[in-house]
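Novice: Okay, handing you the structure first.
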Amino acid sequence: MEVTSIINGIIIDHVPAGSALKVLDYLDVDPSSARLALIMNASSERYGRKDIIKIEDIGSDDIDLDVLGLVARTATVGIVCGGRIVDKLRPVLPEHVVNIITCANPRCVTTTERGIDQMFHLMHTEREEYRCDYCDEEAQF
Amino acid sequence: MVGMSVITLDSLSVPQIQDLLHKARYIDAHRRQVAHTCEGRVLATLFYEPSTRTRLSFETAMLRLGGQVIGFAGAQLASVTKGESISDTLKTVSNYVDVVAIRHPKEGAALVASRAASVPVINAGDGGHMHPTQTLADLATIQSRFGRITDLTVGLCGDLTFGRTVHSLIETLCRFGNVRFVLISPNELKTPQYVLDRIRQTPSCSYVEVSDLSEVIGDLDVLYMTRVQKERFFNEDDYLRLRDTYILDETKLSLAKDDMAVLHPLPRVNEIATEVDSDPRAAYFEQVRNGMLMRMALESSVLGDDLPGYEPLETRTLEV
Ligand SMILES: [Zn+2]
């Protein structure tokens, strides 16, 4: 498969297969206006299948690596400058996330209290387990 | 602990819990001396759902320390808050009082309250989430019966899936260590994995899971009974069958050690036969007294009001 390479921008590789659109949504990248290429279900030596996202004219500062770590922990971010990958970043799991995920527990105070942030803390790194600061319910992605 | 909010027991260190246990014993033995400790203080009990026994315990604790009490409960609620957010209510009430005890049906409500308040907030139960002063009462009762909360075989019986007081007690005892847990429940109501993991991560603690109370009751130092609630079951037959398997009566109790202590967070339905009440091993009404004493210890501690004549545990230990 041949996909036009980008000149300046980023390549998010090793995105879990089938989740590229969700990742874009979490990263606040609007697929209707950004110049991007999506490769979905490409073959991957490491993971069997993967998605790849290429976005033109965007720097690594423009995306939130914490959010990426949260929704696509295996992803890598290649920084492309003049058609070459000049740097590679790996997201890490953030310790604390604010207003990215919403608590799914109907008994949680966040479902009724107005004006409070949705906050989750990393409970277990290997299991990638996040729990709500308020009710300790496990986060659903 | 001065100025501290107590939302879960995780916010208290092991030495702080030990000091509270020690304080509660001191208060019990020096009721007259401590009767003016919190004079001029006001406690607000904000009970967004009725729980009369918990509210009375918090209020009596403050009154016995010489302080006063305001608050609302259940039915009066609508007219008091008029749909106001928890945060706004706490910001308002903080101007009136020195300490707040809050009970709310939503999980995490006490944390929201403590973040909004400028005075210490004590969680008096937030939905099925946390009820730290219940666990403090449990610990105080075990302490008063055995003089220690370690080196014990602790049986927990009934609904071990949803009973959060049970989870909180197990997790807290694991912090102290050296406890053998005997988890007695029907298959349908077994202890959740994260609680079992917590025991496994504690090298000095261990557990076994069984379904027959009579089989293990003779090994136990403490038997913590819980309610098996009807709404946990899909059909009435299962409920009735399981409910009656986990009733403690004199026949089962006759198999237990002479100094075993029977605890229950109360109110009970039928899981402890009333004939057990007169047995010296029944400790559940003592647990109620200990709950009040622990709330007295907690209220005076977060207010920073020293109990006359009280020596903190650390200095006493150093002297020995
Ligand atoms: Zn929650």
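Novice: When you scan the range A:123-141, how many residues do you find that are part of a strand (DSSP E or B) and either within 11 Å of the ligand (Cβ to nearest atom) or within 23 Å of B:Ser114 (Cα to Cα) (or both)?
Specialist: Of the residues in that region, 5 qualify.
Novice: What pairs come out if I take residues in the range A:82-107 that are open to solvent by less than 80 Å² (accessible area, probe 1.4 Å) and pair them with residues that are small (Gly, Ala, Ser) and outside any strand (DSSP E or B) whose C-beta lies under 7 Å away, six or more apart or interchain?
Specialist: Within 7 Å, the pairs are A:Gly83/A:Ser5; A:Leu89/A:Ser60; A:Pro91/A:Gly69; A:Pro91/A:Ala75; A:Leu93/A:Gly69; A:Pro94/A:Gly69; A:Ile101/A:Ala139.
Novice: Taking B:Thr274 as meeting all but one of (1) polar (S, T, N, Q); (2) under 19 Å from B:Gly163 (Cα atoms); (3) open to solvent by 30 Å² or more (accessible area, probe 1.4 Å), write down the number of the exception.
Specialist: Among (1) polar (S, T, N, Q); (2) under 19 Å from B:Gly163 (Cα atoms); (3) open to solvent by 30 Å² or more (accessible area, probe 1.4 Å), the lone unmet condition for B:Thr274 is (2).
Quick grid of which residues meet (1) among the aromatic types (Phe, Trp, Tyr); (2) in contact with an Asp or Glu (Cβ under 9 Å, 6 or more places away or on another chain); (3) assigned by TED's automatic domain parsing to the domain that holds B:Leu63; (4) in contact (Cβ under 8 Å) with a residue 40 or more places away in the chain:
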| position | (1), (2), (3), (4) |
| --- | --- |
| B:Lys82 | no, no, yes, no |
| B:Ile86 | no, yes, yes, no |
| B:Lys91 | no, no, yes, no |
| B:Arg103 | no, yes, yes, yes |
| B:Ala109 | no, yes, yes, yes |
| B:Val121 | no, no, yes, yes |
| B:Gly125 | no, yes, yes, yes |
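Novice: Still on this structure, please answer the following. So A:Phe120 clears everything in (1) within 30 Å of B:Gly83 (Cβ to Cβ); (2) in contact with a strand residue (DSSP E or B) (Cβ under 6 Å, 6 or more places away or on another chain); (3) in a loop (DSSP other than H, G, I, E, B) except one condition, right? Which one?
Specialist: (3)
Novice: So, one more: Across the range B:90-108, which residue is nearest to the ligand (Cβ to nearest atom) among those that are under 27 Å from B:Ser168 (Cα atoms) and more than 18 Å from the chain's Cα centre (by Cα)?
Specialist: Applying the filter and picking the extreme gives B:Lys106.
Novice: Go over the candidates A:Asp13, A:Asp51, A:Asp25 one by one and state the one that is within 30 Å of A:Met123 (Cβ to Cβ), open to solvent by 80 Å² or more (accessible area, probe 1.4 Å) and not assigned by TED's automatic domain parsing to the domain that holds A:Glu126.
Specialist: A:Asp25
Novice: Being at pLDDT 95 or above, under 30 Å from B:His104 (Cα atoms) and open to solvent by less than 60 Å² (accessible area, probe 1.4 Å) narrows it down to one residue among B:Ile217, B:Ile170; which is it?
Specialist: B:Ile170
Novice: Collect the residues in the range A:25-58 that are in contact with a His (Cβ under 9 Å, 6 or more places away or on another chain), charged (D, E, K, R) and not in a strand (DSSP E or B), keeping them in residue-number order.
Specialist: A:Arg46
The values are calculated or read from the model by the stated rules, or taken from the named source; none is laboratory data. Everything numeric in this text was worked out from a predicted model, so none of it was measured. No Cβ is skipped: glycine too gets one built from the backbone with ideal geometry, and neighbour counts run over all protein chains shown. Protein only, heavy atoms only, side chains kept; ligands, DNA and RNA dropped before computing areas. Shrake-Rupley method; radii C 1.70, N 1.55, O 1.52, S 1.80 Å.
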